[in-house]
1. Can you list the HN-Hα couplings for region 44-54, worked out from phi with the Karplus curve (6.51, -1.76, 1.60; θ = phi - 60°), rounded to whole Hz and with x for Gly and Pro?
2. Please give the residues of region 10-45, grouped as numeric ranges, whose backbone N is less than 14 Å from a label point set 7 Å along the Cα-to-Cβ vector of Trp75.
3. Tell me which residues come under 5 Å, amide H to amide H, from Cys29 once H is placed; ignore anything under 5 positions away on its chain.
4. Order 52-63, 30-41 from most to least packed using the mean count of other Cβ atoms within 10 Å.
5. I need the phi-derived Karplus couplings for region 27-36: 6.51 cos²θ - 1.76 cosθ + 1.60, θ = phi - 60°, integer Hz, Gly and Pro marked x.
6. Roughly how many nanometres apart are two label points built 7 Å out from the Cα toward the Cβ at Lys31 and Ala9?
Amino acid sequence: MSKKGDLAAFNQKQGPWVWKDTYIFVVDCDKKVIAAHPIKPELVGQDYASLKDTKGKNFFPEGWCDAAKKPSGIWIEYWWPKPARRRAPQADVRLECGRDHVRGGRRDL
């Protein structure tokens, strides 16, 4: 996924990578930014180290990119705002390595 066009489908809210409360987003570990996000496009290009969940915890822990490159990937639990809800539900994300990017899939717990 070296071309920006390769990420277009990951930015579509009604695209193939979104299903109910679950979606796939893409992180560029080399540039340390969110590369694609179908639900919150304002996150694209943002430094992922600056992201915190609604309880103030860093969304991506130290060393997560290296862990995501392992065959087993990594699971991260967090609290993330959701439209139409007063309180942020607890959710988790599975991160695993692609060729040039790390993919993450979110689901509510």
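1. 4, x, 7, 5, 5, 5, 8, 7, 10, 7, 6
2. Label zone hits: none.
3. Val102
4. Values: 52-63: 13.0, 30-41: 17.2.
In descending order of packing, they fall as 30-41, 52-63.
5. So the J values, rounded to whole Hz, are 10, 9, 5, 5, 8, 6, 9, 6, 8, 7.
6. Each label point is offset 7 Å from its Cα along the Cβ direction, giving 2.0 nm.
Each reported figure results from applying straightforward, stated rules to the coordinates on display, with no laboratory input. Everything quoted here is computed from the prediction, not taken from an experiment. Cβ atoms come from the backbone with ideal geometry, glycine included; neighbour counts cover every protein chain shown.
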